[in-house]
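Asker: There's a structure below that I have some questions on.
The values are calculated or read from the model by the stated rules, or taken from the named source; none is laboratory data. Given the structure is predicted, the values throughout are model-derived calculations rather than measurements. Glycine also receives a Cβ, built like all others from the backbone with ideal geometry; neighbour counts cover every protein chain displayed.
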Amino acid sequence: MSREEFRGRPVVAGEAEGEAVVSRSGLNWLATYQKTIVSRTKKAVGADKNNPDIYGKDLTHKILVIPQGIGSTTGGLVIAEIACMRLEPKAILCTRQAD
């Protein structure tokens with residue numbers, strides 16, 4: 001297992017340590033988490049079939065490394081809902097831009 005350290009401009013400051021899930025393409029928040037939210041599962045599993053980097057992977061309490069989010073009008077709502085379900089990522093690192 002490799003260990004990487006990332007530094008950048010924080011939107012919300014803090015530190016996180018844990019397993020990362022890396023996506024080479026933007027993360028569509030609704031497509032990724034809609035199935036988890038609707039079915040009220042105990043695990044957040046990536047459901048966006050258009051993103052092979054996250055599809056079918058357990059995203060629960062992982063560090064998400066993404067270029068950017070897709071679907072900014074619903075992104076915040078989706079993140080808030082998965083946080084209420086206690087399935088939120090430990091951290092979200094955007095390599096290009098944060099909404």
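Asker: Would you mind finding the one in D53, D99 that is assigned to a loop (DSSP other than H, G, I, E, B), surrounded by 15 or more Cβ atoms within 10 Å (Cβ to Cβ) and of a type in the set (D, E, K, R)?
Answerer: Residue meeting the stated conditions: D53.
Asker: Among residues belonging to region 74-96 that are assigned to a loop (DSSP other than H, G, I, E, B) and at pLDDT 90 or above, point out the one that is farthest from V12 (Cα to Cα).
Answerer: Filtering region 74-96 for residues assigned to a loop (DSSP other than H, G, I, E, B) gives 85-90, 95-96.
Those left that are additionally at pLDDT 90 or above: 85-90.
On the way: M85: 20, R86: 18, L87: 18, E88: 15, P89: 14, K90: 12 Å.
Among those residues, the one meeting the criterion is M85.
Asker: A further question follows. Which of (1) crowded, with 16+ Cβ neighbours inside 10 Å; (2) assigned to a loop (DSSP other than H, G, I, E, B) is the odd one out, the single condition T32 does not satisfy?
Answerer: (2) is the only condition that T32 fails.
Asker: In the list V21, V38, V11, which residue meets the criterion of being surrounded by fewer than 17 Cβ atoms within 10 Å (Cβ to Cβ) and either in contact with a Cys (Cβ under 7 Å, 6 or more places away or on another chain) or under 22 Å from D99 (Cβ atoms) (or both)?
Answerer: Details: V21 fails: surrounded by fewer than 17 Cβ atoms within 10 Å (Cβ to Cβ); V38 fails: either in contact with a Cys (Cβ under 7 Å, 6 or more places away or on another chain) or under 22 Å from D99 (Cβ atoms) (or both).
Result of the check over V21, V38, V11: V11.
Asker: Return yes or no: is G46 on the phi < 0 side of the Ramachandran plot, crowded, with 16+ Cβ neighbours inside 10 Å and in contact with a Pro (Cβ under 7 Å, 6 or more places away or on another chain)? Please lay out each step first, then the result.
Answerer: Working: on the phi < 0 side of the Ramachandran plot: yes; crowded, with 16+ Cβ neighbours inside 10 Å: yes; in contact with a Pro (Cβ under 7 Å, 6 or more places away or on another chain): no.
Against the criterion (on the phi < 0 side of the Ramachandran plot, crowded, with 16+ Cβ neighbours inside 10 Å and in contact with a Pro (Cβ under 7 Å, 6 or more places away or on another chain)), G46 does not qualify.
Asker: Any residue at all in region 87-94 that is touching a residue at least 60 places away in the same chain (Cβ under 8 Å), farther than 17 Å from S25 by Cβ and not hydroxyl-bearing (S, T, Y)?
Answerer: Taking every residue of region 87-94 in turn, at least one turns out to be touching a residue at least 60 places away in the same chain (Cβ under 8 Å), farther than 17 Å from S25 by Cβ and not hydroxyl-bearing (S, T, Y).
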